[in-house]
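Data block below; observations after.
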Amino acid sequence: MTQQEWQDRYAGALMNTFGPPKLTLTRGEGAHVWDENGKEYVDLLGGIAVNALGHGHPALVEAVTAQLSTLGHISNFFASEPQIELAEKLLALLLPVVEEGAPAPVSKPGRVFFTNSGTEANEVAFKLTRRTGRTHVVAAEGGFHGRTMGALALTSKEAYRTPFEPLPGEVTFVPYGDVDALAAAVTDRTAAVLLEPMQGEAGVVVPPDGYLAAARAIATEHGALLWLDEIQTGMGRVGRWFAHHDSVVEEVSRPVVEEGAQQPSRNQPSRNQVTPDIVTVAKGLAGGFPIGACIGLGEAGRLLEPGNHGTTFGGNPVACAAALAVIATIESEGLLEHVTVLGQKLRDGLAADPRVTEVRGEGLLIGLDLASDASAAVSAAALERGFIVNNPTPRRIRLAPPLVLTQDDANAFLTAWPRILDEAMGTQP
Ligand SMILES: *Cc1c(COP(=O)(O)O)cnc(C)c1O
């Protein structure tokens, strides 16, 4: 079948919410995908920061196959080992200090609610914030939290919101990264402050140093919850388990001290480390198998009570087994370090071209600004040359490749990059 025939069938059978698809894909392996003509592409978008282990990773295939052939779906009238294990694992990853320091914790550090997507995880969190007895939420301009009515109410973009108003909630949007604006918006009536540690859909916008710590302090001062949406940034994407954790690079580059010598100072305020009350994750969590999670830490984990929320599929054993396999593989293959090193090489290489005015992000969540509004043309030229990239705004390109992207694939893209820009933006002066 030709590309046009696929397009016609698609348009005739699927609602037109996404516009025409770029391609019809048939197969994937690692960070590569193939279209129906057999043309090969390096997938530098990874299903929008989802395919952490790339396509067809044996660990993920085996985990899903084994679980599905043992016990697939059971509903939340029943529990399963993968579900309990995954909840415990997420809490341990989220609060490593608590896990290391505490001897057999009497009260667990938090509680998890599993969903099937990111927007659903945010719906859980939104409902959870209502259980504080307050209804006001402060969120950021440029933020993205999903397309269901609650998550949409927390998303600032007019084009997404306007057709569906009135939306639930009492939401104040503040400029992202502006501490003073946040301090002015949060009051003693505020239930929660909702932020992404980096704004993914906006084209990977990174806040100034100390912004999350300031948000933590402001929320605490007013008795509000700090809710971090790590749906795109979490689960290893930025080279550490969560973007609000300290960076691995800082750990690695800390000077080695001789025994007895003074420890390097840890008093310096950390750039990222804060302790939130709520964290939502999804996207890369199970490497492409649909899942999301709302994690309430401390008291926030106990705000939802029996009957307050529910889901039929959420937390099913197959999705949880898939997530456990992804996490185990990230650990066993040392992917956090790989992502940190490869991401830096990619950013340096992309920034070397004068038609790129800024490169942002950490690990393999990369955003860059072009010198002109050429992102659609750049994305098309890249596709033509066999590279899948994303153009979230007219001037911005986003990359969120599989965490298993190889050095060779990264090099191939960096080699093609100046040619891609030539084709899309004209040759360098
Ligand atoms: C993708 C995304 C969502 C929505 O997740 P879906 O699975 O598409 O519902 C919410 N928040 C952030 C930060 C995201 O990147």
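Taking label positions 7 Å along the Cα-Cβ direction at both PHE18 and ALA66, the computed distance is 3.1 nm, reported to one decimal. Kirkwood Rh over alpha-carbon pairs of segment 34-187, then Stokes-Einstein at 4 °C and 1.567 mPa s: what D in µm² s⁻¹, rounded to an integer? My calculation gives 66 µm²/s for D.
The magnitude of the dipole of the chain, with charges of +1 and -1 set on the Cβ of Lys/Arg and Asp/Glu and taken from the Cα centre, is near 760 debye. When shorter helices are ignored and each DSSP H run of at least 4 residues is given -39500 (n - 2.57), the per-residue value for the chain at 222 nm works out to -11000 deg cm²/dmol. Putting +1 on Lys and Arg Cβ atoms and -1 on Asp and Glu Cβ atoms, find which of THR24, ALA153, ILE231 reaches farthest to the positive end of the dipole of the chain. The Cα lying farthest towards the positive end belongs to ALA153. If only the Cβ of Lys and Arg carry +1 and only the Cβ of Asp and Glu carry -1, the dipole of segment 280-429 around its Cα centre is close to 260 debye.
If you take the Cα centroid of segment 10-72 and the Cα centroid of segment 312-330, the two points sit 17 Å apart. Scaled to the globular estimate 2.2 N^0.38 Å, the Cα spread of the chain, given as radius of gyration, is 0.99. Given a Förster radius of 35 Å and the C-beta distance between ARG147 and GLU305 as r, what FRET efficiency does 1/(1 + (r/R0)^6) yield to the nearest 0.05? Here the calculated transfer efficiency is 0.80. Considering only alpha-carbon pairs that sit under 8 angstrom and 6 or more positions apart, the relative contact order computed for segment 71-332 is 28 percent.
Since every read-out is calculated from the coordinates, none of them should be taken as a lab result. What you see is a predicted model, and the numbers here were worked out from it, not measured in a lab. Positions of Cβ are backbone-derived with ideal geometry, glycine not excepted, and every protein chain shown enters the neighbour counts.
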